[in-house]
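What follows is one structure encoded as structure tokens, with my remarks underneath.
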Amino acid sequence: MLSFVLRIGWMWPRRPFRGRWSPVLLSPVILTVVIASLAFSTPKEVAFSRLLAAMPALAASIWPALPTVALGAVCVVIMIGLSLVYPDLGPWYTVGAIAAVTVAAAYACHVRIQREQALVQLRLVAEAAQKVLLRPLPRRVGCIEIESMYVAAAAQARIGGDFYEAVSTPYGVRLIIGDVRGKGLPAVGAAAAVVNCFREAAYDEPTLEGIVHRLDVSSTRHSCTLPTHELLEQFTTVALAEFPHQGGRIKLLNCGHPPPLLLRHGKLHVLNPTAASPMLNLAALIGTGYITDAMVCCSGDQLLFYTDGVIESRNSRGEFFPLQDWLRRQNSAAPRELLDTLHRDLLQHSGGELHDDVAALAVCVHDGSTGEAA
């Protein structure tokens, strides 16, 4: 019986089982053998054979339709064999139940496979969208080494409202990290509008203020396409940085985003802006007073840019992730190692489940000039 069902499974064109058998996948066959053995070895009054009607339903949850039908047919054959051993067993009610369950299970299996295939296609589309929105960053640009991390809150998700980008321009290496307030596809669309605008404006605009102004215009235009009830949450926080190609003063512009952290010679500096700049989509309400700060960078400086999903991650006691204390303990970590450790410790802190998307950029300055943080 086992070889018969296996052969039927291998003949199935869409769901080949060859090389994929495991105890879980074999469980319908194993249980069928056990029930059949008990049915033949126990008195007919015990009626273990009635459990055979459940086997096609179990198979439908993990097998394609054709092997499910084959298992149902095997169960019918077992019942016919029992009727020969126990002539007065009266197996036809059980045979009818097996046939009905097999037909229903085959249909349910067909529907399940169709939904699985649709889900696979959606995941492929999401992965393609992620590669456009969050494309891989170059590991070394000019005088900086940079690594990125993005973790979706839901295990099945691929993209969300957090975003980042870094480009090499005539003005230096410019990077952005941001977070769109809101959920679902509107947040993804708003993030894409900001990232695509940044990729163009970073090459054209001589100042970070000019870049942010264009980002605000692009974000506002995108918001005009949304329904009115979704506009209340549609604003975006961003942090921009500019690293000169030959080292020197780093420029920072923060529009309501969590402040970057600088680790220099074991000392942690929180790079708070000297004055608040408006978040995207809010400039029309509170003005366009964008403020750019500057600081002298040193060789070996480590900077961490992140979204609020990092610092708002809670443990079982409701305590936030202590990012600043954590970063002080990572003095010699390379950018990739730093982000891998951050990811691991965030999951450990939150009990293995993140409730918000997390994005981070780790930057290490290799050839900057010497000086003190401004």
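Inspect region 281-293 for any residue being touching a strand residue (DSSP E or B) at 6+ places or on another chain (Cβ under 7 Å), small (Gly, Ala, Ser) and surrounded by 13 or more Cβ atoms within 10 Å (Cβ to Cβ) and give the result as yes or no.
Checked region 281-293: no residue is touching a strand residue (DSSP E or B) at 6+ places or on another chain (Cβ under 7 Å), small (Gly, Ala, Ser) and surrounded by 13 or more Cβ atoms within 10 Å (Cβ to Cβ).
Could you figure out which of (1) at pLDDT below 90; (2) more than 19 Å from Ser277 (Cα to Cα); (3) surrounded by fewer than 22 Cβ atoms within 10 Å (Cβ to Cβ) isn't true of Arg181?
(2)
For region 320-346, how many residues meet the condition of being among the hydrophobic types (A, V, I, L, M, F, W, C) and assigned to a helix (DSSP H, G or I)? It would help to see each step written out before you state the result.
Restricting attention to region 320-346, the residues satisfying the condition of being among the hydrophobic types (A, V, I, L, M, F, W, C) are 320-321, 323, 326-327, 333-334, 338-339, 342, 346.
If we keep only those that are assigned to a helix (DSSP H, G or I) as well, we get 323, 326-327, 338-339, 342, 346.
Number satisfying all stated conditions: 7.
Scan region 143-153 and tell me whether some residue there is outside any strand (DSSP E or B), of a type in the set (Ser, Thr, Tyr) and at pLDDT 80 or above.
Going residue by residue through region 143-153, those that are outside any strand (DSSP E or B) are 143, 152-153.
Next cut, of a type in the set (Ser, Thr, Tyr) only: none.
No, every residue in region 143-153 fails to be outside any strand (DSSP E or B), of a type in the set (Ser, Thr, Tyr) and at pLDDT 80 or above.
So which of Arg135, Arg112 ends up being of a type in the set (Lys, Arg) and either closer than 22 Å to Ser41 by Cβ or part of a helix (DSSP H, G or I) (or both)?
Checking each option against the conditions leaves just Arg112.
Go over the candidates Val24, Val46, Val29 one by one and state the one that is closer than 22 Å to Glu116 by Cβ and exposed (fewer than 13 other Cβ atoms within 10 Å of the Cβ).
Val24
The values are calculated or read from the model by the stated rules, or taken from the named source; none is laboratory data. Computed from a predicted structure; not experimentally measured. Reconstructed Cβ throughout: ideal geometry from the backbone, glycine too, with neighbour counts over all protein chains shown.
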